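The values are calculated or read from the model by the stated rules, or taken from the named source; none is laboratory data. Because the structure is a prediction, the values reported are computed rather than measured. Here the Cβ positions follow ideal geometry from the backbone for every residue, glycine too, while neighbour counts run over all protein chains shown. Keep in mind that these areas ignore ligands, DNA and RNA; they rest on the heavy atoms of the full protein, side chains included. Shrake-Rupley method; radii C 1.70, N 1.55, O 1.52, S 1.80 Å.
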Amino acid sequence: ELAVPHVQKVVRGFLLRRRMDSIRESIYQERRRSAAIEIQRIMRSKLAKMQSEHQRKLRNYIMATKIQSATRRKLAIKERKRRWTIHIQHLRYDAATKIQSLYRCKAAQQLHERLADERQKLLEEKERAHVKSLEKDAAIIIQRNCRMCLAKRKCKNRRIELGSLHSRLLMYVERFMVDHCLWSLMRSINSDYIRS
């Protein structure tokens with residue numbers, strides 16, 4: 001009876017020693033597995049943090065891009081309005097210049113027509129005055145020639161001395177130089193001839 005427990009003890013010790021290696025191996029495997037899980041957990045945590053940081057940076061970049069885009073859009077709209085205003089001002093200036101040019105052209109044409117009409121009237125008046133003066137001069141020339149012919153006849157008939165005629169003519173010419181009246185000169189000469 002004492003031998004059976006002893007044998008059982010020896011056998012159990014033997015079996016336990018045989019199983020001890022597998023238990024140690026399983027504990028080692030369990031520790032390795034838990035260490036691997038811990039490493040995976042730490043790495044996954046680190047990767048998640050890195051990904052979340054990347055997502056945050058990406059979100060900030062997208063937000064900055066949106067802000068820049070909105071700002072550039074506002075600035076572009078402002079610049080477009082400024083350029084449009086300048087363009088409209090140039091168009092208005094060009095239109096005003098064109099209107100002024102057309103108005104000045106029309107005014108110059110009207111002035112030219114008015115001046116041409118006035119010039120034509122002046123020329124017509126000068127022509128009429130010239131014709132009248134020619135008529136008057138023609139009448140005076142005719143009268144002078146007639147009187148000259150009559151005077152020559154009278155001179156021949158009355159035998160007027162040339163010396164006395166010359167001195168009387170000089171006297172009348174001197175009066176004419178003072179009076180500047182041709183008609184009075186002619187009348188004086190005529191009356192002198194009649195008297196002689």
Karplus (6.51, -1.76, 1.60) ³J(HN,Hα), θ = phi - 60°, over segment 132-144, in Hz, Gly and Pro reported as x: 4, 5, 5, 4, 5, 4, 4, 5, 5, 5, 4, 4, 4
Those lysines that a straight Cα-Cα span of less than 16 Å connects to LYS49, excepting residues fewer than 8 apart in one chain: LYS57
Dipole in debye (nearest 20) - segment 41-163, about Cα centre, beta carbon charges: Lys, Arg +1; Asp, Glu -1: 1360 debye
Accessible surface, per residue, of the chain when the full set of protein chains is kept, probe 1.4 Å, Å²: 93 Å²
The chain: proportion of alpha-carbon pairs further apart than 29 angstrom, %: 76 percent
Whichever lysines have a C-alpha closer than 17 Å to that of LYS132, once near sequence neighbours (fewer than 8 apart) are set aside: LYS121
Cα coordinate range in segment 1-106, projected on the principal axes (Å, largest first): 149, 13, 12
Dipole axis of the chain (+1 Lys, Arg; -1 Asp, Glu on Cβ), positive-most option in LEU182, LEU123, GLY13: GLY13
Dimensions in Å of segment 81-122 - Rg and Dmax from alpha carbons: 17.8, 59
Within the accessible area of the chain (1.4 Å probe), percent carbon and sulfur: 60 percent
At R0 = 41 Å, FRET efficiency that the Cβ-Cβ distance of MET20 and SER69 yields, to 0.05: 0.05
From phi via Karplus (6.51, -1.76, 1.60), per-residue ³J(HN,Hα) for segment 185-191 in Hz, x at Gly/Pro: 4, 5, 5, 5, 5, 4, 5
